[in-house]
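Note sheet for the following structure.
The values are calculated or read from the model by the stated rules, or taken from the named source; none is laboratory data. Quick caveat, the model's predicted, so the values are computed rather than measured. All Cβ positions, glycine included, derive from the backbone under ideal geometry; neighbour counts span all protein chains shown.
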Amino acid sequence: MATQTATQTSQPKIRLNKKAPVDFSSFVGCSSPLFEAAKKDRRYNDWRDDLVRDGVAVVKGAIPEDRANQYADRMLNWLEDFQLGFDRNDPNTVHADKLPAINEKGMCFGYGVSHEQFAWDVRQEQGVIEAFEKVYEDKDLIVSFDSVGFSFPNRKDLPPNKAWPHQDQDPEKGGFRCLQGLVNILPNGPDDGGLIVCKGAHLVSEEFHEEFKNEEDPVWAWTKEWYGFTSQGMNWLENRGFKWEKICAGPGDLIVWDSRLPHYNLSPTKETPRFCVYTCYMPVKDCSQEDLVKKKDAFYEFRGTSHWPNALQINALPVLRNGQPDPHNRVKPASGAPKLSERGFQLTGIPYIKAEC
Ligand SMILES: [Fe+2]
């Protein structure tokens, strides 16, 4: 979910030029047999058909519901263990003063949260990994060190979560390049916030960008690997008949989407919070040795990344409390260095680094 874009939406409207330091011009992206033109008529008779057609799919029960409930409990423990005053049983304690820094989009970046044991345990869930294996038809995968989502309903202490329709990839690089994902932890119905997408619009992304490549007032982007839709762009999608649809999911369901799919998130509006762990995997064959080394360093330094599993973008956002560096921030996760299974360690990419690197 373009994690690092989340706090940048109030920046001036300028688009980075090609000399910008965050122009990853040599990075190609991932390839998936599902999106090869020669296989466009292939049918899978499962959620992969939804993904190819709609650009989004819900993988039901990627994690058993009872284990999803355990993750919810562990995530609530994590919030309470800051001992800032948050109490899961008292809605009045849902306040920035009593919680770690979580932005209006529900995203938490600091505190080593990307490497907390609960986050790694979600990434190591077999049902989650298998979904990405099916898309890439490859078992040699690496995983992002992405952020964690904690959205509580009706927060008055945060700015409103305005719509920020976007794609999480470079508009100048067409075709399928990345499959994003999130594991939904709590019941997530129509009013419980979460992912909203413009179904099917991934298939016209290249056409759209050909038409809008010289737009005069683009949405500011901190990286070329992100594109924000203007009102004109939204009108184009609407005129082409595309509809926005909130994606609902149960505890333990995995939602996956093509990075070309226009999307953003909504805040919950009733009683139920929205918790999720962003998980994105890619074949290690699509990752350079240089990126694997960068990823290794991020792993041992407990640093988070955006959704790109090759550590294309390492999180460098400040963690602030009342405008100052949060004294509760920490480098190392509260649970210590994560304990990984053999497969989990493979997902860090470290075993795939060649000796000369
Ligand atoms: Fe996103």
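A few comments on the model shown:
- Check on LEU158, outside any loop (DSSP other than H, G, I, E, B), more than 16 Å from the ligand (Cβ to nearest atom) and not aromatic (Phe, Trp, Tyr): no
- Here the stretch 86-110 is the region considered, the condition is being not hydrophobic (A, V, I, L, M, F, W, C) and not in a loop (DSSP other than H, G, I, E, B), and the residue that is farthest from the chain's Cα centre (by Cα) is ASN92.
- Conditions (1) acidic (Asp, Glu); (2) closer than 21 Å to ARG321 by Cβ; (3) in contact (Cβ under 8 Å) with a residue 60 or more places away in the chain: number failed by ASP87: (3)
- Within the stretch 111-134, the presence of a residue that is farther than 22 Å from GLY349 by Cα, assigned to a helix (DSSP H, G or I) and not charged (D, E, K, R) is excluded.
- GLN180 within 28 Å of ARG74 (Cβ to Cβ) and either more than 16 Å from the ligand (Cβ to nearest atom) or within 15 Å of the chain's Cα centre (by Cα) (or both): yes
- Scanning the stretch 259-279 for residues that are basic (Lys, Arg), under 12 Å from GLY189 (Cα atoms) and within 16 Å of the ligand (Cβ to nearest atom) returns a single hit, ARG274.
Here is a yes/no grid of residues against (1) closer than 22 Å to GLN124 by Cβ; (2) of a type in the set (A, V, I, L, M, F, W, C); (3) assigned to a loop (DSSP other than H, G, I, E, B):
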| position | (1), (2), (3) |
| --- | --- |
| ASP41 | no, no, yes |
| ASN45 | no, no, yes |
| LEU51 | no, yes, no |
| ALA57 | yes, yes, no |
| ALA62 | yes, yes, yes |
| ASP66 | yes, no, no |
| TYR71 | yes, no, no |
| TRP78 | yes, yes, no |
| PHE82 | no, yes, yes |
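- For the stretch 202-226, the set of residues classified as within 16 Å of the ligand (Cβ to nearest atom) and in a loop (DSSP other than H, G, I, E, B) consists of VAL219, TRP220, TRP222, THR223, LYS224, GLU225, TRP226, listed by residue number.
- Per the conditions (1) away from the ligand (no atom under 16 Å from the Cβ); (2) of a type in the set (S, T, N, Q); (3) modelled with pLDDT under 65; (4) under 20 Å from MET282 (Cα atoms), the sole criterion not satisfied by THR3 is (1).
- Among the residues of the stretch 214-237, those identified as surrounded by fewer than 16 Cβ atoms within 10 Å (Cβ to Cβ) and over 25 Å from the mean Cα position of the chain (by Cα) are ASN214, GLU215, GLU216, ASP217, GLN232, ASN235.
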